[in-house]
1. If contacts are Cα pairs under 8 angstrom and at least 6 residues apart, what is the relative contact order of the range 18-106 in percent?
2. For the chain, set up a GNM with springs between Cα atoms under 10 Å and report which of Glu237, Glu82, Glu161 has the largest fluctuation.
3. Report D for the range 1-82 in µm² per second (integer): Stokes-Einstein, Kirkwood Rh on Cα pairs, 10 °C, 1.306 mPa s.
4. So if I place +1 on the C-beta of Lys and Arg and -1 on the C-beta of Asp and Glu, and nothing else carries charge, what would the dipole magnitude of the range 132-189 be about its Cα centre? I want it in debye, nearest 20.
5. Under a Cβ-only charge scheme (Lys and Arg +1, Asp and Glu -1), can you give me the dipole magnitude of the chain about the Cα centre, in debye to the nearest 20?
6. What translational diffusion coefficient, in µm²/s and rounded to a whole number, does the Stokes-Einstein relation yield for the range 15-62 at 37 °C and a viscosity of 0.692 mPa s, taking the hydrodynamic radius as the Kirkwood radius over Cα pairs?
7. Using Cα springs under 10 Å in a Gaussian network model of the chain, which residue among Leu69, Leu173, Leu192 shows the largest mean-square fluctuation?
8. Could you give the nm distance between label points at Asp246 and Ser73, where each point is 7 Å from its Cα heading toward the beta carbon?
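The numbers here are math on the coordinates, done by the rules we state, and not lab data. Source: prediction; values computed, not measured. Counting neighbours? That spans all protein chains shown, and the Cβs are built from the backbone with ideal geometry, glycine included.
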Amino acid sequence: ESKMAGRNALKFYSNAMSNAVQSRLEMENELRQALRRDELYVLYQPIISGDTGIVIGVEALLRWNNPKLGHVSPADFIPLAESLGLISTIGEWVLEQSCAQIKKWRKHEHGPRYVSVNVSSRQLLNNVIVDDVHLGLALHGLPASALELELTESALIENSEENQKTFNKLHKLGVHLAVDDFGIGYSSLSYLRRFSFDTLKIDRSFIKDVPHQKDAIQLVDAILSMANSLGMKIVAEGVETKEQLDFLQQMGCSAIQGFYISRPLAVDDVLPFCEKQNLASAPPTITQGEES
Ligand code: C2E
Ligand code: MG
Ligand code: MG
Ligand code: MG
């Protein structure tokens, strides 16, 4: 009987294995076609000023909706796209979408002024990103300040000599460079000084525990003062509560992003959100007059 059970367990195990392999293969095949079949789209999450509450920019966040697989999380398909060598093509497409959108939004009084685009470290391996960025700006008649590129700490560390040259070229174009998910990787202060990054995005794992845990408060405080002394802008990611927002504003955090402000939005929802947010953030003297 126990032999039977063992055999069944083995069979179950190998079925589960081949199912896993099968579904990975299926996801690979589907992902290779996703762009051509128009299954990818971009959401934009608002980023507000810590001082004024006004929308300053948006982060472009890629989505994949496949007829067989449904919505696949970027946490799953981005690494797959990287390992399949698809990320450069997909990244170029996200950049183009983002440039086209921000061009339109900047024409509106309340529209976001910049779009922040995630760039995989794989996209730095050749120098195509520099040409892509240059072309994207030129094609849409955008100032470099309309574009920010987000890189994770690993991009600062791996292959750092070559990457630094690329960062310098991008910096020369005038686009802003941001360190994404700051604090969970291994970058040292010397990296931050050496590379000409403009912005630090504090990882949401640090924001999660403020303002209740003392060590989290101290860490955020330390990151903020470090960024200040390096002349960098700070974006707090993953702000989910009013308490967190109040705390970060009090600490002088320059920019805020998170579900409490807004979820990532579909293209058509961005301008209406910005109008509402900016009008609600107008100086109190004006609203007081209207209300009394
Ligand atoms: P990320 O760059 O750190 O982007 C922020 C992630 O945090 C997004 O997840 C966003 O939806 C989520 N988020 C924002 N506010 C909150 C909040 O208050 N609470 C919580 N729990 N989460 C929040 P998303 O959209 O699932 O993207 C996951 C990751 O996939 C991104 O992390 C980014 O590294 C990657 N990614 C997304 N789009 C692209 C892309 O176009 N290119 C590349 N290379 N990577 C991308
Ligand atoms: Mg990001
Ligand atoms: Mg990212
Ligand atoms: Mg992040």
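1. 23
2. With Cα springs under 10 Å in the chain, the top fluctuation among Glu237, Glu82, Glu161 is at Glu161.
3. 99
4. 340
5. It works out to roughly 580 debye.
6. Estimated diffusion coefficient is 237 µm²/s.
7. Per the Cα network of the chain with a 10 Å cutoff, Leu69 tops the list.
8. Distance between the two pseudo-spin positions: 3.1 nm.
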